[in-house]
Structure formats: C-alpha cells, structure tokens
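For reference, the structure is listed below as structure tokens.
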Amino acid sequence: MNGKRLYRSRSDRMIEGVCGGIAQYLEIDPTIVRLAFVAFTLAGGSGVLLYLLGMIVIPLEPKGPFEV
C-alpha cells in the first residue's frame, strides 16, 4: 500500500475539516470539494447529510511530532 489515508484536515478547515481532508486525499483544491458539497445540498439536501457523516466517520488528522 502507498500509506495514503483519508483524514479530516487540521490546517485547511472551515467547520470540521472534512472538505479540506478530502481535497488533500484527492490532491485537488479544497474549494472544488466545498462547491460540490454546496451543489449536493442545493440539489436535495444530501450534501448536509454527507458532511455530517464525514464528521463522524473520517478521523481527525494526527498531530505532527512538533505540534502541541
């Protein structure tokens, strides 16, 4: 395995870091992921449900060795 894991971001976060973490995992701009969640929300409300599910299921990014 390549060791790539999905985490909620500690550095690129607006609410809980779900979009920032997904963007880091996919190596794309976090704004694109945020706009996708907004689009899903406006198209029936599933974006809110997916975001809440991400907050629960995706673990928070571990701290680095020099972070407090």
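Taking first residues from region 1-16 that are closer than 15 Å to Leu50 by Cβ and among the aliphatic types (A, V, I, L, M) and partners that are open to solvent by less than 100 Å² (accessible area, probe 1.4 Å) and assigned to a loop (DSSP other than H, G, I, E, B), the Cβ contacts under 8 Å between residues at least 6 apart in sequence or on separate chains come to Leu6/Ile58.
Look at region 27-45 and say how many of its residues are small (Gly, Ala, Ser) and either open to solvent by 60 Å² or more (accessible area, probe 1.4 Å) or in contact (Cβ under 8 Å) with a residue 12 or more places away in the chain (or both). Lay out the reasoning, then the answer.
Applying the first criterion (small (Gly, Ala, Ser)) to region 27-45 yields 36, 39, 43-45.
This time we only want the ones that are either open to solvent by 60 Å² or more (accessible area, probe 1.4 Å) or in contact (Cβ under 8 Å) with a residue 12 or more places away in the chain (or both), so: 43-44.
Count: 2.
Taking region 1-11 as the search range and keeping residues that are under 17 Å from Lys63 (Cβ atoms) and loosely packed, with under 14 Cβ neighbours inside 10 Å, which one is modelled with the highest pLDDT? So, considering only residues that are under 17 Å from Lys63 (Cβ atoms) and loosely packed, with under 14 Cβ neighbours inside 10 Å, the one modelled with the highest pLDDT is Arg5.
Residues checked against (1) touching an Asp or Glu at 6+ places or on another chain (Cβ under 9 Å); (2) open to solvent by 70 Å² or more (accessible area, probe 1.4 Å):
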position	(1), (2)
Glu16	no, no
Gly20	yes, no
Tyr25	no, yes
Gly47	no, no
Leu50	no, yes
Val57	no, yes
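Does any residue of region 48-61 turn out to be out of contact with any Phe, Trp or Tyr (no Cβ under 7 Å at 6 or more places or on another chain), without any contact (Cβ under 8 Å) to a residue 60 or more places away in the chain and in a loop (DSSP other than H, G, I, E, B)? No.
The values are calculated or read from the model by the stated rules, or taken from the named source; none is laboratory data. The shown structure was predicted, so the numbers you read here are calculated from the model rather than taken from an experiment. Glycine also receives a Cβ, built like all others from the backbone with ideal geometry; neighbour counts cover every protein chain displayed. With ligands, DNA and RNA removed, areas are computed over all heavy atoms of the protein, side chains included. Shrake-Rupley method; radii C 1.70, N 1.55, O 1.52, S 1.80 Å.
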